[in-house]
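Novice: Before I ask anything, here is the structure I am working with.
The values are calculated or read from the model by the stated rules, or taken from the named source; none is laboratory data. Quick caveat: nothing in here was measured; it's all calculated off a predicted structure. Neighbour counts run over all protein chains shown; Cβ positions are idealised from the backbone, glycine included.
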Amino acid sequence: MTHTLQELAQLCDAEIQSDNITLNIKSAADIMTASASEVTVLSSAKYTKYLKDTKASACFISRNLPSHDAPEGLILLFCDDPEISFLKAVSALHPTPQLNRSISKQAAIAASVSLGENINIGAFSTIDDHSIIGDETEILASVNIGRNVSIGKNCRIYPNVVIYDNTVIGNNVTIHSGAIVAADGFGYKYRNNQHIKVPHVGNVVIADHVEIGANTCIDRGALGSTTIGAGSKIDNLVQLGHNNKVGRNVIICGQSGISGSCTIEDGAVLAGSSGIADHVTIGQQAVIMARSGVAGDIKPGSQMFGSPAKDKKVAWRELAALSKLPELFKKFKALEKRLSKLEE
């Protein structure tokens, strides 16, 4: 969708340094690949080297960043937060396509289901008894929704999502393709040389403004609920075990695995491939760095790295010391030879 520079500046809280406010901008691109009629962003000083060669027509930039290398034809859009202004521009120039909302004749919807206003249900989707779908919600093709499921307003459920019985989903929630919500947790008791399954009769409760990535699995509680707080974002390929309590505005990155009965407090970040043992608490605003393994509670505000995870500064010092081991071993062997000669 095309916008003039003046329209973009108003939408994105930016000030134009040019009289050419009617120039049409057709799309957004990064600073290295942008071309004419596109807008880009300079968000960090480390990218300043690309500014002089950019072919973009306009660029969001902070007044604190150097702009003397900008090409003569580049129009600068000064703003307090170039990244957020650019994201607003991306949304305006590349809006999400609007569906022609309808309920497909090929969808299977139980008679007891309550459907809101202006919803979309795609072909081959199924909704079982006594479930509720809120206003403006979009359920795309081949989604399977169980019994007694409640989905709030303005949600988007992408194809091939499976939502088991008794799940509660708030408003403005996005669930991407292939995600499975409220399957049984992985719980067994070993008796008489066999594994006895622990029944899972709980559910999953997802608050407002949560986004769940593709092929992520969220297990229901054994007896209570697995909960995800408002504003939390879960990446693709995440495993969230039964009875976990995820707080508000938590970030869980791809390929992370959280065992059962953990508490992830507000604002915590679990970077890619994090592994969390069961019954662990991750404190508020704590950061678990990529490929770290956590076996015990983490204090609020900590930054942890390694397996087993420890304070990142300690872990990095240990890694630095390990890198010197081959050299130290050579010195040790040389000293050992000298000592042997002295003893002789």
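Novice: Taking the residues in region 303-333 that are touching a residue at least 12 places away in the same chain (Cβ under 8 Å) and in contact with a strand residue (DSSP E or B) (Cβ under 7 Å, 6 or more places away or on another chain) as candidates, determine which candidate is farthest from Ile258 (Cα to Cα).
Specialist: By that ranking, first place goes to Lys312.
Novice: Moving to a separate point now. For Phe60, work out the one condition from (1) assigned to a helix (DSSP H, G or I); (2) among the hydrophobic types (A, V, I, L, M, F, W, C); (3) under 27 Å from the mean Cα position of the chain (by Cα); (4) surrounded by 19 or more Cβ atoms within 10 Å (Cβ to Cβ) it doesn't fulfil.
Specialist: (1)
Novice: Right, next: If Ser273 satisfies all but one of (1) of a type in the set (Ser, Thr, Tyr); (2) surrounded by fewer than 19 Cβ atoms within 10 Å (Cβ to Cβ); (3) in a strand (DSSP E or B), what's the number of the condition it fails?
Specialist: (3)
Novice: Within region 224-243, can you find the residues that are on the phi > 0 side of the Ramachandran plot and either among the β-branched types (Val, Ile, Thr) or surrounded by fewer than 21 Cβ atoms within 10 Å (Cβ to Cβ) (or both)?
Specialist: Gly231, Leu237
Novice: Shifting gears a bit: Evaluate the following for Asn100: is it within 30 Å of Cys155 (Cα to Cα), assigned by TED's automatic domain parsing to the domain that holds Lys153 and not in a strand (DSSP E or B)?
Specialist: no
Novice: Oh, and also: Looking at region 156-177, which of its residues are part of a loop (DSSP other than H, G, I, E, B) and either on the phi < 0 side of the Ramachandran plot or of a type in the set (D, E, K, R) (or both)?
Specialist: Tyr158, Pro159, Val161, Tyr164, Asp165, Thr167, Gly170, Asn171, Val173, His176, Ser177
Novice: Does Ala214 qualify as being part of a loop (DSSP other than H, G, I, E, B), on the phi < 0 side of the Ramachandran plot, touching a residue at least 40 places away in the same chain (Cβ under 8 Å) and not basic (Lys, Arg)?
Specialist: yes
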